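The values are calculated or read from the model by the stated rules, or taken from the named source; none is laboratory data. This is a predicted model, so every value here is computed, not measured. Cβ coordinates were reconstructed from backbone atoms using ideal geometry, including for glycine residues, and neighbour counts include every protein chain displayed.
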Amino acid sequence: MNKRTGTKGRKLSIGVNIRRYRAAEGLTLKELAERSGVSIATISKIENGKISGGFETIYKIARGLGVLVTEIIIDDTGGAESLVVRRRGKADVHRTALYDYFPQAFRNAGALNPYVMVIHSREPPDLRDWSVHDGEEIVLVLSGKIDLHQENAKPVRLGTGDSACFDSGRRHCFVSVGERPARIFSVSTRGPATRTAGRLNFS
């Protein structure tokens with residue numbers, strides 16, 4: 001099995017990415033643990049490739065680092081593109097306590113991170129659990145209603161067919177306000193890209 005695509009290679013890739021972003025932020029393991037709510041021991045094991053951690057754990061670490069979860073879990077494939085994504089059932093969903101994420105087609109070295117999301121949360125979580133990452137985000141409500149919360153701002157209610165574009169560097173979260181969990185299409189961007197040592201890096 002190819003090391004890059006195998007389980008061991010995936011663990012190492014995730015750990016290397018977390019350590020790289022932590023170093024870029026100048027954070028100790030203890031500081032990242034405090035930001036993310038994930039224990040020092042767990043972060044250390046993930047960084048060293050001993051465990052992969054599971055999506056919700058990686059999601060919390062990404063929030064603590066202020067980056068998109070895809071920047072941690074996607075291997076560096078040298079810019080390979082995923083032009084089409086075929087639905088494969090349960091393999092295509094990443095679940096957290098707040099949202100379910102269904103990844104859509106993307107370019108690994110590109111600047112767009114698209115998801116269909118199912119919003120389960122019925123009230124805003126603790127501020128530490130709000131999302132924050134560089135760039136912009138646009139959301140389109142596919143079904144149901146949501147309240148878009150942004151730190152230090154009044155929530156904005158969006159119904160089916162409504163959309164919003166906002167600075168994702170400001171803490172934000174989604175809350176479903178209808179009878180059933182709402183479904184949204186979300187596309188996040190990163191900052192301007194520069195190429196270093198053959199790969200794209202986003203500020």
Consider region 160-181. How many of its residues are polar (S, T, N, Q) and surrounded by 19 or more Cβ atoms within 10 Å (Cβ to Cβ)?
2
Hey, could you check region 5-37 for residues that are of a type in the set (S, T, N, Q) and not in a helix (DSSP H, G or I) and say which is modelled with the highest pLDDT?
THR28
Looking only at residues in region 129-146 that are touching a Cys at 6+ places or on another chain (Cβ under 9 Å) and surrounded by fewer than 19 Cβ atoms within 10 Å (Cβ to Cβ), which one is nearest to ALA97 (Cα to Cα)?
ASP129
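So that you can scan it fast, the table gives a plain yes or no per residue for (1) within 16 Å of GLY15 (Cβ to Cβ); (2) out of contact with any Phe, Trp or Tyr (no Cβ under 7 Å at 6 or more places or on another chain); (3) at pLDDT 90 or above:
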{"position": "GLY54", "(1), (2), (3)": "yes, yes, no"}
{"position": "LYS90", "(1), (2), (3)": "no, yes, no"}
{"position": "HIS94", "(1), (2), (3)": "no, no, no"}
{"position": "PRO124", "(1), (2), (3)": "no, yes, yes"}
{"position": "LEU148", "(1), (2), (3)": "no, no, yes"}
Quick one: how many residues across region 145-179 are part of a loop (DSSP other than H, G, I, E, B) and among the hydrophobic types (A, V, I, L, M, F, W, C)?
2
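Results for (1) closer than 17 Å to ALA97 by Cβ; (2) loosely packed, with under 13 Cβ neighbours inside 10 Å; (3) modelled with pLDDT under 90; (4) of a type outside the set (A, V, I, L, M), shown as yes or no for each residue.
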{"position": "ALA111", "(1), (2), (3), (4)": "no, no, yes, no"}
{"position": "PRO155", "(1), (2), (3), (4)": "no, no, no, yes"}
{"position": "LEU158", "(1), (2), (3), (4)": "no, no, no, no"}
{"position": "ARG183", "(1), (2), (3), (4)": "no, no, no, yes"}
{"position": "ALA197", "(1), (2), (3), (4)": "no, yes, yes, no"}
